[in-house]
Amino acid sequence: ASSPLFLLPLHDAAPLYPTLRDQHLETIGPNLRARAETLRRSRSRFSDRDAAASRDLSELHRFVRGIPAFARDLRSLTHHIHLAEEVKKKAERPAFRRRWEVERSMLESEPRYDALEEGVAEEMEMERWLRLLCLQSLTGNGIKATRYDALRKEAVQTYGYECLWILRDLEKAGFLRKRETFFMDSMATSYSNLRKALNLIVPEVDPARPEDVAYVSSGYAPWQKRAF
């Protein structure tokens, strides 16, 4: 039977969370192991019979008073280990890695029409597909007219005529734009200029010793963090 669901508060007053909240997934594992080793040593100091026999009453009294805090820290450690395992499993799934790779390519101003075509052919969730389409348009200074017309046709066939009205609304809002074919994909765009000016892509980051906010997503820094 599956374990019952429960709420796990994540705030600065919670044990462990303040020290883990800003860490990269690659560094959380070693930090949790170090914390587990600290708790193990703390427990072994009083579980050893020979050592316990030599302790005076004041030491035993301090140990007894510390039992609730020890139990709380152990429970928190167990919860965070389970959380880290779940996040790691999701992050290592092929679908997640594929999605990350496609979005990262678009953020580096690479056209990924292949991913958009595959997505609509595989009947990807419409909302997710539309987000990718908008990302391609915003980072590529629009979408080639021929590509856009073909993608729109396939989207209507897959998602229905409702998608046509959504695409029209996204065009009016400025999230989608059809561009003429004379504009080459390799030409500089307003986004590519912004990407370079704000240094949004950092090729080399060290998750263990982060010196830039880009370490959070393995090399991409949200422009909001750079601008403000």
Inverse mean reciprocal Cα-Cα distance (Kirkwood Rh) of the chain, Å: 22.0
Tell me, which longest segment in the chain has none of the trypsin sites (Lys or Arg not before Pro) that fall in DSSP loops with at most 16 further Cβ atoms within 10 Å? 56-176
Once you place label points 7 Å from the Cα toward the Cβ at L194 and V213, how far apart are they in nm? 1.4
Can you tell me the accessible area per residue over the chain, all protein chains present, probe 1.4 angstrom, in square angstrom? 68
Suppose R0 equals 45 Å; then what is the FRET efficiency for H82 and E180 from their Cβ-Cβ distance, rounded to the nearest 0.05? 0.25
Solution diffusion estimate, µm²/s, Stokes-Einstein, the stretch 66-188, Kirkwood Rh from C-alpha pairs, 4 °C, viscosity 1.567 mPa s: 77
The chain - percent of accessible surface contributed by carbon and sulfur, probe 1.4 Å: 55
Where labels lie 7 Å past Cα in the beta-carbon direction, separation of E117 and A13 in nm: 5.7
Per the 1/(1 + (r/R0)^6) rule, R0 = 30 Å and r from the Cβ atoms of H24 and A150, FRET efficiency to 0.05 is 0.15
For the chain, which span is the longest to avoid every loop-located (per DSSP) member of GluC sites (Glu not before Pro) having at most 11 other Cβ atoms inside 10 Å? 1-91
Extension gain S42-R93, at 0.36 nm per residue separation less the Cα-Cα distance, in nm? 14.7 nm
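The values are calculated or read from the model by the stated rules, or taken from the named source; none is laboratory data. Bear in mind that the values here come from a model prediction, so they are computed numbers and not experimental data. All Cβ positions, glycine included, derive from the backbone under ideal geometry; neighbour counts span all protein chains shown. Only protein heavy atoms, including side chains, enter the accessible area calculation; ligands, DNA and RNA are left aside. Shrake-Rupley method; radii C 1.70, N 1.55, O 1.52, S 1.80 Å.
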